[in-house]
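One structure below.
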Amino acid sequence: MFEITEKTVDCGGGELHCLECGRPEGRSIVLLHGMKFQAATWRELGTLEVLAELGLRVLAVDMPGFGRSPACDLAPVEALARFLDRLDLGQTILVGPSMGGRIALEFAIAHPGQVAGLVLVGAVGVEENRAHLAQIAAPCLIVWGGADQVSPLANSEILLAGLPDARREIYPEAPHPCYLERPERWHASLRTFLSALHT
């Protein structure tokens, strides 16, 4: 079992609360969250420990105004950029469901050199960023619920067609937060994708 610690990072204009787990010297992976969720969701799901077991440094972040991070004037992508910079994480793997998927996607477009891998789960904001997808060189895993009523399956098609290095998994009949409904499959998907990144 890995210990989960909490910290608050001063991002210059705002503070972000996060949970950390795993090996401090490992490659970093940052877990964002959807509109109705927070960093603690990943703790409850067991994802922090699953990723720590892969030798990663795992950080689950509360975005401004969510969980235990106070609201601030920083745009989400800028807040994330400052968070990564303050912790000197270097190239990072980003995991983003729904709203977090939009943030991860827009960060990867703005800072492609900082992203080692990208996992998008039922991401929103896909159409708005469609023209810039080719700028993302990092390997991407696209995960979607087959019954997603929030971000239609067509968005996963746009990502699959537009991202240079992407693969997709659809969880049949799963709703928008498919990772919450199918945690065992979700963790298996992550293990497979991340193991391939290391080879």
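The number of residues in segment 30-55 that are touching a Ser or Thr at 6+ places or on another chain (Cβ under 7 Å) and over 20 Å from Pro177 (Cα atoms) comes to 0. Pairs linking a residue in segment 86-108 that is free of Cβ contacts under 8 Å to residues at least 24 places away in the same chain to a residue that is surrounded by fewer than 24 Cβ atoms within 10 Å (Cβ to Cβ) and aromatic (Phe, Trp, Tyr), with Cβ atoms under 6 Å and 6 or more positions apart or on different chains, do not occur.
For segment 52-65, a residue qualifies if it is open to solvent by 10 Å² or more (accessible area, probe 1.4 Å) and touching a residue at least 40 places away in the same chain (Cβ under 8 Å), and the qualifying residues are Glu53, Leu54, Pro64.
Screening segment 1-51 for residues that are open to solvent by 30 Å² or more (accessible area, probe 1.4 Å) and aromatic (Phe, Trp, Tyr) and picking the one that is modelled with the highest pLDDT gives Phe37.
Here is a yes/no grid of residues against (1) under 22 Å from Gly46 (Cβ atoms); (2) in contact with a Leu (Cβ under 8 Å, 6 or more places away or on another chain); (3) not hydroxyl-bearing (Ser, Thr, Tyr):
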site	(1), (2), (3)
Pro152	no, no, yes
Ala161	no, no, yes
Asp165	no, no, yes
Pro175	yes, no, yes
Cys178	yes, no, yes
Pro183	yes, yes, yes
Leu197	yes, no, yes
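The single condition among (1) over 19 Å from Gln38 (Cα atoms); (2) in contact with a His (Cβ under 7 Å, 6 or more places away or on another chain) that Ala131 does not satisfy is (2). Quick check on segment 54-74. Is at least one of its residues over 22 Å from Ala116 (Cα atoms), out of contact with any Gly (no Cβ under 6 Å at 6 or more places or on another chain) and among the β-branched types (Val, Ile, Thr)? No - not one qualifying residue is present in segment 54-74. For His187, indicate whether it is more than 16 Å from Leu56 (Cβ to Cβ) and either touching a residue at least 40 places away in the same chain (Cβ under 8 Å) or of a type outside the set (D, E, K, R) (or both). So His187 fails the test.
Contact annotation: residue pairs with Cβ atoms under 8 Å, 6 or more positions apart or on different chains, pairing a residue in segment 153-173 that is under 21 Å from Ala196 (Cα atoms) with a partner that is in a loop (DSSP other than H, G, I, E, B) and open to solvent by 60 Å² or more (accessible area, probe 1.4 Å), are Pro164/Ala137; Asp165/Ala137; Tyr171/Arg182. Taking segment 168-199 as the range and being at pLDDT 95 or above and either in contact with a Lys or Arg (Cβ under 7 Å, 6 or more places away or on another chain) or loosely packed, with under 15 Cβ neighbours inside 10 Å (or both) as the test, the residues that pass are Tyr171, Pro172, Glu173, Ala174, Glu184, Ala188, Arg191, Thr192.
Which residue is modelled with the lowest pLDDT, if the candidates are limited to segment 87-142 and must be small (Gly, Ala, Ser), over 17 Å from Ala154 (Cα atoms) and surrounded by fewer than 23 Cβ atoms within 10 Å (Cβ to Cβ)? Looking at residues that are small (Gly, Ala, Ser), over 17 Å from Ala154 (Cα atoms) and surrounded by fewer than 23 Cβ atoms within 10 Å (Cβ to Cβ), I get Gly90.
When Ser195 is tested against the conditions (1) over 13 Å from the mean Cα position of the chain (by Cα); (2) farther than 22 Å from Gly55 by Cα, the lone failure is (2).
The values are calculated or read from the model by the stated rules, or taken from the named source; none is laboratory data. Owing to the predicted nature of the structure, the values given are computational and were not obtained by experimental measurement. Reconstructed Cβ throughout: ideal geometry from the backbone, glycine too, with neighbour counts over all protein chains shown. Ligands, DNA and RNA are stripped out before the accessible areas are found, and what is left, the full protein with its side chains, is counted by its heavy atoms. Shrake-Rupley method; radii C 1.70, N 1.55, O 1.52, S 1.80 Å.
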